[in-house]
Amino acid sequence: MVTYGTGEELDTKSAWLTHLFDDRSLVRKDHPILRLRGKLDLLQAHILDAQLAARSEDLADIDAALGEALDWLRRLLAAEVLSRPCPELALAGFSADELHRISHHTREYLGVGFLLPDAAMGPTAVKLNLLRACVREVELTAVDVFAADIHVTPENRERMLAGLNRLSNAIYVLTCKVVAARRSG
């Protein structure tokens, strides 16, 4: 085993080290990329929580879109760990650019103006609001982490950051869809 960055050979792995991207490369557990991975894990947990809320309110389209978001995040994490190309975000039949446009024109596309979070929006919309805040936190963490010279290629850094930014747009669009459905239902 070797510590990443220093090349120091180790016979055993201590408790304060963990694998970076293979069975040989070790980093301290305070390595910035591990902070990002932890935030991505937390984001996945929030998606699952929002999915359960959507299921409890019989919002199958929101549940499915959140499943797509979860799948994209898992592929993003694999791209970082395995140095694969980062996948493009697409959600609920929309490209990243379409999600961006819809999120800025929700009244035109979804019949709902700018939303201020409110408990009256219902459980799923509230969970989606929490999820969107978590996405923004992950995006900011990624910006900080990617400012350092780490193993992620510049192209993947840009694609990951752009994808996280558009995921925030997507979650907002889903929130607007839930609010629109509540208002019309």
Would a scan of the stretch 20-35 turn up a residue that is free of Cβ contacts under 8 Å to residues at least 40 places away in the same chain and closer than 18 Å to L131 by Cα?
-> no
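Conditions tested, residue by residue: (1) touching a residue at least 40 places away in the same chain (Cβ under 8 Å); (2) in contact with a helix residue (DSSP H, G or I) (Cβ under 8 Å, 6 or more places away or on another chain); (3) closer than 22 Å to D49 by Cα; (4) among the acidic types (D, E).
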{"residue": "E108", "(1), (2), (3), (4)": "no, no, no, yes"}
{"residue": "G113", "(1), (2), (3), (4)": "no, yes, no, no"}
{"residue": "A119", "(1), (2), (3), (4)": "no, yes, yes, no"}
{"residue": "T124", "(1), (2), (3), (4)": "yes, yes, yes, no"}
{"residue": "V138", "(1), (2), (3), (4)": "yes, yes, yes, no"}
Across the stretch 68-96, which residue is nearest to the chain's Cα centre (by Cα) among those that are under 22 Å from T175 (Cα atoms) and free of Cβ contacts under 8 Å to residues at least 12 places away in the same chain?
-> D71
Complete set of residues in the stretch 43-63 that are exposed (fewer than 15 other Cβ atoms within 10 Å of the Cβ) and small (G, A, S) = A45, S56, A60
Using the structure shown, decide if R182 is basic (K, R), on the phi < 0 side of the Ramachandran plot and touching a Leu at 6+ places or on another chain (Cβ under 7 Å).
-> no
Can you name the number of the only condition in (1) in the same structural domain as E139 (by TED's automatic domain parsing); (2) touching a strand residue (DSSP E or B) at 6+ places or on another chain (Cβ under 9 Å); (3) among the small types (G, A, S) that S25 fails?
-> (1)
When (1) closer than 19 Å to V143 by Cβ; (2) not in a helix (DSSP H, G or I) are applied to L73, the one that fails is (2)
Could you list all residues from the stretch 124-174 that are part of a helix (DSSP H, G or I), surrounded by fewer than 18 Cβ atoms within 10 Å (Cβ to Cβ) and among the hydrophobic types (A, V, I, L, M, F, W, C)?
-> L130, A133, L140, V143, L161, A162
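The values are calculated or read from the model by the stated rules, or taken from the named source; none is laboratory data. The model shown is predicted, which means the values in this text are computed figures rather than measured ones. Cβ atoms come from the backbone with ideal geometry, glycine included; neighbour counts cover every protein chain shown.
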